[in-house]
1. Out of the residues in segment 18-55 meeting the condition of being small (G, A, S) and closer than 19 Å to L74 by Cβ, tell me which one is modelled with the lowest pLDDT.
2. Which strands (runs of 3 or more DSSP E) does segment 1-96 wholly contain that include 2 or more residues that are open to solvent by 80 Å² or more (accessible area, probe 1.4 Å)?
3. For Q150, state whether it is modelled with pLDDT under 85, loosely packed, with under 15 Cβ neighbours inside 10 Å and part of a loop (DSSP other than H, G, I, E, B).
4. Can you tell me how many residues within segment 97-122 are touching a residue at least 60 places away in the same chain (Cβ under 8 Å), open to solvent by less than 50 Å² (accessible area, probe 1.4 Å) and not β-branched (V, I, T)?
Amino acid sequence: MWVYDLETLRFLDVNQAAISSYGYSKEEFLSMTIKDIRPNKDISLLEEKVNVKKEMGGLLFSGIFHHLKKNGDLIEVEISSNRIEYNGLKGVLVLAVDVTLRNQYIEAIEVQNARLKEIAWMQSHVVRAPLARLLGLVNMLKIERIHDPQQSIENFEELFEFIFSSAQELDKVIRQVSEKTERIHLKGKFGLEKEE
């Protein structure tokens, strides 16, 4: 949490959680403006939001923004703010919640869901074609043997080639499914890891 001056954007006060999270000392914070913890590309958006705060009073939910820590790390924070009077100045009390890990976790889940959908599609469509051929060929073999039980195996050579070819195709598809499944890593802080 921190309080900043609505006119100058200077930090007026910060709590220990902000000091710990951002890496600046209280003295450093108090010598900075809220622009100093924002990436350059977001300054215009910040100024736009501040102008809205100047026109409105009360509790404002401002959304999710990017902030920079002292060490240069870029984090995503969910901001809630409220206009207050602070030592005779028009101030804004800000609650910033770091949601970086939560958003990374959600993104990793979405990536894995896409992979799982692809695997499910492969299993329901790609695996079925060679399997259907195999079943049909085996059924043909069975029917031929029923109609002519004395028929020699040499007469079925072409049928066996089709069966072997379909079995190889099915094996290839099953290996692809297995490889895609292995790419889903179950490790890391939240039990998930994105793969590039």
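1. Step one: list which residues in segment 18-55 are small (G, A, S), which gives 18, 20-21, 23, 25, 31, 44.
Next cut, closer than 19 Å to L74 by Cβ only: 18, 20-21, 23, 44.
Numbers: A18: 96, S20: 94, S21: 94, G23: 96, S44: 86.
Once the filter is applied, the top-ranked residue is S44.
2. Values: elements: 2-5, 11-14, 59-68, 74-86.
Hits in segment 1-96: 59-68, 74-86.
3. Numbers: modelled with pLDDT under 85: yes; loosely packed, with under 15 Cβ neighbours inside 10 Å: yes; part of a loop (DSSP other than H, G, I, E, B): yes.
Criteria met by Q150.
4. Of the residues in that region, 3 qualify.
The values are calculated or read from the model by the stated rules, or taken from the named source; none is laboratory data. These figures come from a predicted structure and were not determined experimentally. Backbone-built Cβ (ideal geometry, glycine too); neighbour counts: all protein chains shown. We work out accessible area using only protein heavy atoms, side chains counted, and drop any ligands, DNA or RNA first. Shrake-Rupley method; radii C 1.70, N 1.55, O 1.52, S 1.80 Å.
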